[in-house]
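First comes the structure, then the notes that go with it.
The values are calculated or read from the model by the stated rules, or taken from the named source; none is laboratory data. Here the structure is a predicted model, which is why all the values come from computation and not from measurement. For neighbour counting, all protein chains shown are included, and Cβ atoms are generated from backbone atoms with ideal geometry for every residue, glycine included.
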Amino acid sequence: MRERATARIEAFPTVMTFPHADDVSVPGKEENLAGGALIRSTSQLGLWIFLATVTMLFAAFTSAYLVRKSGSDWQPVSLPAILWFNTALLLCSSVTMELGRARGKRLQTRGLRSWLLASTLLGLGFLLGQLLAWRQLAAQGVFLPSSPHSSFFYILTGLHGFHLLAGLLLLLYLLFRVRPGGNPGNRLAQRDLTNLCATYWHFLGGLWLYLFVMLSIG
Amino acid sequence: MASTVQQEPVTHRKQGFIRRYIFSTDHKIIGIQYFLTGMVMAVIAGFLAMLIRLQLAWPGEKWEFLGALFPAGMEDGIMKPEFYLSLVTMHGTLMVFFVVSFALVSGFGNYLIPLQIGARDMAFPFLNMLSYWVVVPACIIMLVSFLVEGGAAASGWTAYPPLSAVKEAIPGSQWGQTLWLLAMALFIVSFTMGGLNFVTTVLNLRAAGMSMRRLPLMVWTLFIAAVLGLLAFPALTAAAVMLLFDRHFDTSFFLPSGLFFGNKLLPNEGGTPLLWQHLFWFLGHPEVYVLVLPALGAAFDILPCFTRKPIFGYRITIYSLYAIGFLSMIVWGHHMFVSGMNPYVGEFFSIGTMAITVPFAVVGVNLIASLWGGAIRLTSPMLFAVGVIALVGTGGLGGIFLGNPTADIQLHDTYFVVGHFHFMIGGVTLFGIFAGTYYWFPKMFGRLMNEKLGKLHFWLTLLPFYAVFFGQHFQGLGGTPRRYYSFTKFTFLESLQGLNLFISISAFVLGAAQLIFLLNFFWSLIKGAKAGDNPWRATTLEWAVPSPPPHGNWGEKLPVVYRWPYEYSLEGAPEDYTPQTVSPEEGQVTT
Ligand code: HEM
Ligand SMILES: [Cu+2]
């Protein structure tokens, strides 16, 4: 039994390389994966669980949206066209992210860096575009309390933007960490961090598509 | 990479006092921090309960010393009605989120999960530390709200709009309510970080051989509680965001058209207060299970140790926990039978509620059957664990009445409800915390708690508890409404005045009895008898390490698990308990 446990550790030499600030004080967290670990990367698992709660958050807003929409005073506002452009930017950033992830998988540093940079800039562009959309609506005299639809629009785009901002910070951190060269362990860490980042980023892209459709239907 | 890690010596970098005990990432320290914070908040929330009962026993009395303590709420020592409502609101909020959640879920959860599954720490220790330090400002904001203009929030722990949404509605709805919402938001952020850690750790960091089917039920219940919390709390987050916007930015999510306050027409239009109730109770009901399940888990872990026999129905209990977890997400409407909902929808929620009593009864019966034929030793932890069973039974009985709309229309918002939920989220959880404390204190601090004081504490808690909260059922049947600051003006309640006074006096005894616990706790910290590694001769992993366990929990090697957690009185075994780490060669195996 003991032999089998260690054998299994060695079968996954690259397991769980997400750098914890505390790994020094808690040695050998990898040992645990010898038990009945569900998936190889503990951080990836944690991220999926986090995404589940974020999904519930937006599900709650959706149900509130549907309830409020059935009220007699519901008047949809027409959404600014720039949202289409923003959507395109965000989709492109998901593509560049995926290209970066492919580089990361092959443990290449150079391509990874540029694709990550591209995603960051595209993401930033999306956020700026969303701010512009707010400005345009406000210029038309549609403010937060103007109608229930506009209230939901501002709050939901704001909340999504807030999550995206967190993603951008993560990306910036990653860019900072990805250095050309570096030892193999470092590159494994980069790969896993890129994976996490990409999962989160695609989730936010999907979430935006969903919100965009819901808000456009009015 | 893994192999290099394994060769690393297990001696740890020396850490300063602050990194070790204040901004610590060690799950044990964080667990104890949560536990002690919960204890402080319990003293405060309990004190508020005493004030509530004081007012109800002698409404309008003058209490000079309290006047000095609360110059605004108790001017000249006489309690104002709006202050009474602030007290009820803050008592409920603190007890649910800042006492039971802290001590039972976050406290025991953080302390025990890694130890019981054989891990060195939680999956994300840094996140864990953050989760505690986010909750500290939450506590401070909640408490400071007593001092702001208008006083603390006064719309109940359920914060129903319009009362909570309109600043003019009640003094507590000015800054107090905003601070309440902010503190709750911080609490939810913290719970999310903690819950992520619980779930990830249990799924991914179990020691070799520790399959899900070998987890102690304490871990199982904490795991299910964390999953429920992660899925249910976002609904309250969404509701709180919308309420904040209604309060401060003139949106109309919850506020209907045509509301007048002080001759002023509010600008809001078309919102529905019922939306809040749905979102709130989507969290509120599962939250009850978040709090109650770990108390049951503690009882399941403690019973076999003091009966010297395995628990009954381990596997069925796990299935029942699944069923309870699932059903608890779809019964929230039973809190809203009188809100004017469609009776057919009410019927759905009623059937769901009745359905949930089935797995709950299974768990209860398994607890009782775990006592059957055992060599029972009534130590303090055991007494409180048996108390948990009694309180689940009593509280569950009241729930059957409330789950039927026909009965609930009469009982809703009466003291029947107050009595019922105090048995469940008040009693079961509190007894679970006490049972757990008497049981795991030796592991946490290396010393035993005093048995004599423990037993005294038990009887002086159990009897007044039943006096107070069973009595409240009868008050409720007699029609006594909830959240009223005095009952002297109603002739139909005159016959219940004696009972009312009796309840208040019992409540004071109950409150005073808790001082015995505090005394015992702190006295035992310093003077308690040395415990040794395994004072109860128990089987689960936490007893295989020194008390208190060192940083990193396990020495050089992680433990390997060979059997289920309740291996007592195994035939042919050298002792009447066989720890989970004993291999087949060293002792007989079962599952
Ligand atoms: C020392 C023991 C306790 C006493 C004497 C006590 C007493 C009371 C009283 C008199 C009320 C007001 C009922 C009303 O007017 O509606 C109340 C409300 C409440 N209590 Fe307790 N309580 C105790 C412990 C607890 C505990 C341990 C919890 C939960 C974890 C708890 C949770 C609540 C809640 C949620 C409310 C409802 C607040 C609201 O209406 O918004 N209590 N309690
Ligand atoms: Cu409920």
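Taken together, B:Ala68, B:Ala119 contain a single residue that is away from ligand 2 (no atom under 16 Å from the Cβ) and surrounded by fewer than 24 Cβ atoms within 10 Å (Cβ to Cβ), which is B:Ala68.
Every condition in (1) more than 9 Å from chain A (Cβ to nearest Cβ); (2) crowded, with 21+ Cβ neighbours inside 10 Å; (3) more than 16 Å from ligand 1 (Cβ to nearest atom) is met by B:Leu279 except one, and the failing one is (1).
Taking the options B:Val363, B:Val428, B:Val418, name whichever one is more than 16 Å from ligand 2 (Cβ to nearest atom), assigned to a helix (DSSP H, G or I) and away from chain A (no Cβ under 14 Å).
Of the residues listed, the single one that is more than 16 Å from ligand 2 (Cβ to nearest atom), assigned to a helix (DSSP H, G or I) and away from chain A (no Cβ under 14 Å) is B:Val363.
Being at pLDDT 90 or above and either within 14 Å of another protein chain (Cβ to nearest Cβ) or closer than 24 Å to B:Leu127 by Cα (or both) is a property that holds for B:Ile29. Just one residue in the set B:Lys309, B:Lys264 is away from ligand 2 (no atom under 14 Å from the Cβ) and in contact with a strand residue (DSSP E or B) (Cβ under 7 Å, 6 or more places away or on another chain); that residue is B:Lys309. Does B:Val290 count as touching a Gly at 6+ places or on another chain (Cβ under 6 Å), within 21 Å of B:Trp157 (Cα to Cα) and assigned to a helix (DSSP H, G or I)? Considered against the rule, which asks whether it is touching a Gly at 6+ places or on another chain (Cβ under 6 Å), within 21 Å of B:Trp157 (Cα to Cα) and assigned to a helix (DSSP H, G or I), B:Val290 comes out as yes.
Please indicate, with yes or no, whether at least one residue in segment B:358-375 is over 30 Å from B:Trp536 (Cα atoms), aliphatic (A, V, I, L, M) and at pLDDT 95 or above. Scanning segment B:358-375 turns up at least one residue that is over 30 Å from B:Trp536 (Cα atoms), aliphatic (A, V, I, L, M) and at pLDDT 95 or above. Taking the listed residues B:Leu228, B:Leu196, the one that is in a helix (DSSP H, G or I), buried (at least 24 other Cβ atoms within 10 Å of the Cβ), more than 10 Å from chain A (Cβ to nearest Cβ) and at pLDDT 95 or above is B:Leu228, with no other qualifying.
Does A:Ser147 satisfy being surrounded by 15 or more Cβ atoms within 10 Å (Cβ to Cβ), among the hydroxyl-bearing types (Ser, Thr, Tyr) and touching a residue at least 60 places away in the same chain (Cβ under 8 Å)? It is true that A:Ser147 is surrounded by 15 or more Cβ atoms within 10 Å (Cβ to Cβ), among the hydroxyl-bearing types (Ser, Thr, Tyr) and touching a residue at least 60 places away in the same chain (Cβ under 8 Å).
All conditions in (1) assigned to a helix (DSSP H, G or I); (2) surrounded by 24 or more Cβ atoms within 10 Å (Cβ to Cβ) hold for B:Leu453, with the sole exception of (2).
Of note, B:Ala390 does not satisfy the criterion of being within 16 Å of ligand 2 (Cβ to nearest atom), at negative phi and surrounded by fewer than 19 Cβ atoms within 10 Å (Cβ to Cβ).
A single member of B:Ser547, B:Ser504 is modelled with pLDDT under 95 and either within 16 Å of ligand 1 (Cβ to nearest atom) or more than 14 Å from every other protein chain (Cβ to nearest Cβ) (or both), and it is B:Ser547. Suppose we filter B:Ile356, B:Ile324, B:Ile318 for residues that are more than 14 Å from ligand 2 (Cβ to nearest atom), more than 14 Å from every other protein chain (Cβ to nearest Cβ) and part of a helix (DSSP H, G or I); which single one remains? On inspection, the qualifying residue turns out to be B:Ile318. Consider segment B:334-349 and keep the residues that are more than 25 Å from the chain's Cα centre (by Cα) and within 14 Å of another protein chain (Cβ to nearest Cβ). The one that is farthest from ligand 1 (Cβ to nearest atom) is B:Asn342.
Listed here are the residues, each with its yes/no results for (1) within 11 Å of another protein chain (Cβ to nearest Cβ); (2) surrounded by 20 or more Cβ atoms within 10 Å (Cβ to Cβ); (3) part of a helix (DSSP H, G or I).
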site	(1), (2), (3)
B:Met218	no, yes, yes
B:Thr221	no, yes, yes
B:Ile224	no, yes, yes
B:Ala232	yes, yes, yes
B:Thr237	yes, yes, yes
B:Met242	yes, yes, yes
B:Arg247	no, yes, yes
B:Thr251	yes, yes, no
B:Phe254	yes, yes, no
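Against the conditions (1) more than 13 Å from every other protein chain (Cβ to nearest Cβ); (2) within 16 Å of the chain's Cα centre (by Cα); (3) closer than 24 Å to A:Leu57 by Cβ; (4) buried (at least 24 other Cβ atoms within 10 Å of the Cβ), B:Val96 satisfies every one except (4).
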